[in-house]
Amino acid sequence: MTAGMPEPAPGRAEFDTGAPHSARVWNYWLGGRDNYPADREVGETFRSSFPGIVDLARDSRAFLSRAVSHLAGEVGIRQFLDVGAGLPTADNTHQIAQRVAPGSRIVYVDNDPLVLAHARTLLVGTPEGATHYIDADLNDPAAVVREAWNTLDPAEPVALTLMQVVGHIAPYDRARSIVNRLMAALPSGSHLVLNDSVDTHEGNAEATRLYNESGAAPYHLRSHEQISGFFEGLELLEPGVVPLARWRPAPGTATDGEVIARGGVGRKP
């Protein structure tokens, strides 16, 4: 069955439509309609400075789709923990996984009231599986896992997905610690699916600097080595940590365009 969606945490302020929010800006780049003038203004400023951000948003979504399809199909994972899920759009994690395996159980995690409000009405999964959304913060991994176990089985492997999320956490050592704590709580056979933007593209770096001055939650670009570091101790699936379009692309679809982000999938021994 589909689990009911939670009410906002007591005392949680309503969402502020006058300030830009990363989830809504990302929704704008994906062509969505769940955004406000402040989000569109920041999103358009970023896109004007760096048009490739739209391709990055789409590449990130496509990478998630391929990774989840592989894990639900060839690997046989039936539980997914999508942290920092953002606003629902086409081909969400539960739709991808349950299309392959209808009995898959998915928990989404976010702490934005607008995201939670949309989740209650849009994230409806298969009768055989479960789809749930929890109001929690990536900065509190213990709470994320504790709430997730209300829907997921702690004895069975879980795929943890972090799409363009850990860049919001500074410093790097703290981001590494949070990811490590999440993975430490998951059983053997669990997988980490992660992608984030790299600091090697000058246009993206300048656009990110302007974005960070806009009032939205700052985003921190990182090196390839730092992104690879999130997979330390895990067994990397081929082809490793690579530009998003190069991770197991459909035949004839891989490109050699600008490298803006890198991602990979690793298995916990």
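Can you say what percent of the DSSP beta bridges in region 114-269, counting only those with both residues inside, are antiparallel? Round to 5.
65 percent
Going highest first, how would you order 183-192, 104-113 by mean Cβ packing within 10 Å?
104-113, 183-192
Can you give me the pair-distance distribution of region 105-231, C-alpha pairs, 5 Å bins, whole percents?
The percentages, shortest bin first, are 2, 9, 17, 20, 19, 15, 10, 5, 2, 0.
Hey, with R₀ at 51 Å, roughly what FRET efficiency would GLU41 and SER69 work out to, going by the Cβ-Cβ distance, to 0.05?
0.90
From the C-alpha gyration tensor of region 123-195, pull out the three semi-axes of the equivalent ellipsoid (sqrt of 5λ each), sorted largest to smallest, in whole Å.
Those come to 22, 14, 12 Å.
Show that you can apply the helix-only estimate: for the chain, add -39,500 (n - 2.57) for every DSSP H stretch of four or more residues, divide by all residues, and state [θ] at 222 nm to the nearest 500.
-10500 deg cm²/dmol
Which log10 I(q)/I(0) values does region 52-181 give at q = 0.18, 0.20, 0.21 Å⁻¹ under the Debye formula, counting every alpha carbon as one identical point scatterer?
-1.02, -1.26, -1.38
Order these peptides, 194-206, 56-68, 214-226, by their mean beta-carbon neighbour count within 10 angstrom, highest first.
56-68, 194-206, 214-226
Above 17 angstrom, tally the Cα pairs of region 184-223 and express them as a % of all pairs, no decimals.
The answer is 47 percent, as a whole percent.
Provide the gained length on full extension for the span SER177 to GLU202, in nm with one decimal, where the gain is 0.36 nm per separating residue minus the Cα-Cα distance.
Working it through step by step, the gained length comes to 6.2 nm.
Taking the convex hull of the Cα atoms, report for the chain its projected area averaged over all directions, in nm².
The number I arrive at for the chain is 13.1 nm².
Given a Förster distance of 35 angstrom, what is the FRET efficiency for ALA217 paired with ASP91, based on the Cβ-Cβ distance and rounded to 0.05?
Once rounded, the FRET efficiency stands at 0.90.
State the percent of C-alpha pairs, over all pairs in region 36-91, separated by a distance greater than 16 angstrom.
The share of Cα pairs beyond 16 Å in region 36-91 comes to 59 percent.
Rg over Rh of region 184-269, using C-alpha atoms and the Kirkwood radius, what does it come to?
1.04
Suppose R0 equals 22 Å. What FRET efficiency, 1/(1 + (r/R0)^6) with r the Cβ-Cβ distance, do ARG209 and ARG58 give to the nearest 0.05?
In this case the efficiency is close to 0.45.
Values quoted throughout were computed directly from the atomic coordinates according to the rules given, and no laboratory measurement underlies them. No experiment lies behind these values; they were computed from the predicted model shown. Here the Cβ is made from the backbone with ideal geometry for all residues, glycine too, and neighbour counts use every protein chain on show.
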